[in-house]
1. Kindly list the number of the only condition in (1) assigned to a loop (DSSP other than H, G, I, E, B); (2) at pLDDT 90 or above that fails for residue 634.
2. Restricting attention to segment 540-553, which residues are farther than 12 Å from residue 482 by Cα, touching a residue at least 24 places away in the same chain (Cβ under 8 Å) and outside any helix (DSSP H, G or I)?
3. Restricted to segment 639-664, and to residues that are more than 13 Å from residue 583 (Cβ to Cβ) and modelled with pLDDT under 90, which residue is surrounded by the fewest Cβ atoms within 10 Å (Cβ to Cβ)?
4. Going through segment 555-565 one residue at a time, which ones are in a loop (DSSP other than H, G, I, E, B) and either touching a helix residue (DSSP H, G or I) at 6+ places or on another chain (Cβ under 7 Å) or over 22 Å from residue 516 (Cα atoms) (or both)?
5. Among 35, 119, which is modelled with pLDDT under 90 and surrounded by fewer than 19 Cβ atoms within 10 Å (Cβ to Cβ)?
6. Would you point out which residue out of 123, 83 is over 30 Å from residue 207 (Cα atoms), in contact with a helix residue (DSSP H, G or I) (Cβ under 8 Å, 6 or more places away or on another chain), assigned to a strand (DSSP E or B) and not assigned by TED's automatic domain parsing to the domain that holds residue 184?
7. So how many residues does segment 454-477 have that are surrounded by fewer than 20 Cβ atoms within 10 Å (Cβ to Cβ) and without any contact (Cβ under 8 Å) to a residue 60 or more places away in the chain?
8. Being assigned to a helix (DSSP H, G or I) and in contact with a strand residue (DSSP E or B) (Cβ under 6 Å, 6 or more places away or on another chain) is the filter here; which residues of segment 698-711 pass it?
């Protein structure tokens, strides 16, 4: 694609979006003056011109970084003030846009930029207290002129005038001419080019498009420089006739016409002609209804989208003449008014099919498209070839592929917003994806993709199956070590989470006297070099330890254990933590929430978690602390979990401070642990049931490996403290540990609101 193509399309879409918003804008009454102090659940501010003159009837709207905000667009009152109610607002990142649709002033995004891409964003919820957001708008420049026919000097209507940034090619302003003259206003100071584009309205256009001063190409178009508040008149255009392009598309094998082929034509700057494409009729004919100016064009005959007619699907798309890639295509040169005829013969291709595993996706608005990419050696890039909408059951088939090597990606969409692309086999980029070969007209099956949406769920039929599922999605075969712990109690697995995270190893759950079938299958898949059992023989029997030897490729199975849960946590620490470690975490060994929320923090710091009772430090823990000589100790949980007396006693076992991470309850404690240890714009956040422990046991080492927090929720509700922490974290992805009985679908749906898609 030419350099300017994406810019043109993005800008046109932006203008269409703005136009749709404006249609509803002027039905909103001007708001009353805002209060002087920042109130909860409202954004206020003042819009003035240069010199502090208040500007009335300026439209102010909230824009979300991933789409339209569900908040009213308002207009400033006579004193230039506005107020936006946030009552129905979804939590997320937002910016503001102040726009003058009389085009006397230059519209502006927060903070002091005319570009949406450069806007400053801020976090909002429906109850946020926000400082005043004031705007100072500068006077806009104007460019005026007339558009006539070169043939008879008559004034022309049905012409669009586009003001393009001379630097980027973006559309900055546009106007539709209905009376032969135009006035483009509200223009920021800068350098621009003007393009006059006859609009197809059901009949062929009588003139070709052109740039100002009769130029027919972007390169030859004159640049117009303008200053704030300046008016430049006399930018007139006399449009001339051009050439018409038509042709016929048939099957190379049979000669039969092909109906429904998409014919796409773009100029040397990437501007699409007509409405972007034409389609062949039942006899295979196509004709562009817009006259073409003198320029060189790229012509493509396509059956490579999900939207072509069935009659065209299966044929291989190509550029003129018979080229797979645009970089190798022959330009179609138009020099005068003589009609241009370009025919094409297409061949049938092969296909790639498979299934996209959507089982982890919790978003009901989730949709997607599977795409095959081929490598263009001229450009050194993988280029889109053909695509297929993925069915609700995840199946897809991509047709119309020439024999060769491809890579397959699945682009996910939620409510129309792209969530990124996952490639076969599990790669994040097309460069790292696995090759897929297509031979002749045959089908290459079983190209399956496991999809991780922005909110996913890892679960299973029971705690053991869930443990296997978490491992399968996070660890590849051949791991150095796998940890095994009792799945009916929490202490050993949580004490072992930091050690497993440091080793990038899974924790798999078992029964004391039996290895569940799902765990056996996962161990067979993992093929770990060694296995470490966490806990004594009452947690994992000697018989089970012996059976585990069949799954360790080195045959080595060892045990980290003690006489009780406290001694076991000391043994696990002794087996992995060095003397002089910077930090040791201490948690209640009789209840799980604090140790669970603290596991990723300890893992991130490379620190052990040692277990105590609410009122005592067991002798084995005291001995391990004396061995470790930690630089500091952090207590996880409030005084009901670990008393102040125990905290004071811990002070004698470190040369540094003893601090506490706590909250009013287990939920706010997990939020506090997260807030003090994890930065905003998190790659991933893990969510689990705070009233029961099984789902999170295997998830804790994964969160630790990812340096990601674990936040606790109730099965049927999202605690306020967790909602606030998610708003601060701005996660790109959320992973729910556990099934629908652990975290209800309604809670999963709420979590979607806290996702913040990273800027590309």
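1. Every condition holds for residue 634 apart from (1).
2. If the condition is that a residue be farther than 12 Å from residue 482 by Cα, touching a residue at least 24 places away in the same chain (Cβ under 8 Å) and outside any helix (DSSP H, G or I), then 540, 541 are the ones that fit.
3. Only one residue tops the list, namely 664.
4. 561, 562, 563, 564
5. Working: 119 fails: surrounded by fewer than 19 Cβ atoms within 10 Å (Cβ to Cβ).
Criteria check complete, one pass: 35.
6. 123
7. Qualifying residue count, segment 454-477: 6.
8. Listed by number, the residues that qualify are 699, 701, 703.
The values are calculated or read from the model by the stated rules, or taken from the named source; none is laboratory data. Since the structure is predicted, the reported quantities are computational estimates derived from the model, not experimental observations. Cβ coordinates were reconstructed from backbone atoms using ideal geometry, including for glycine residues, and neighbour counts include every protein chain displayed.
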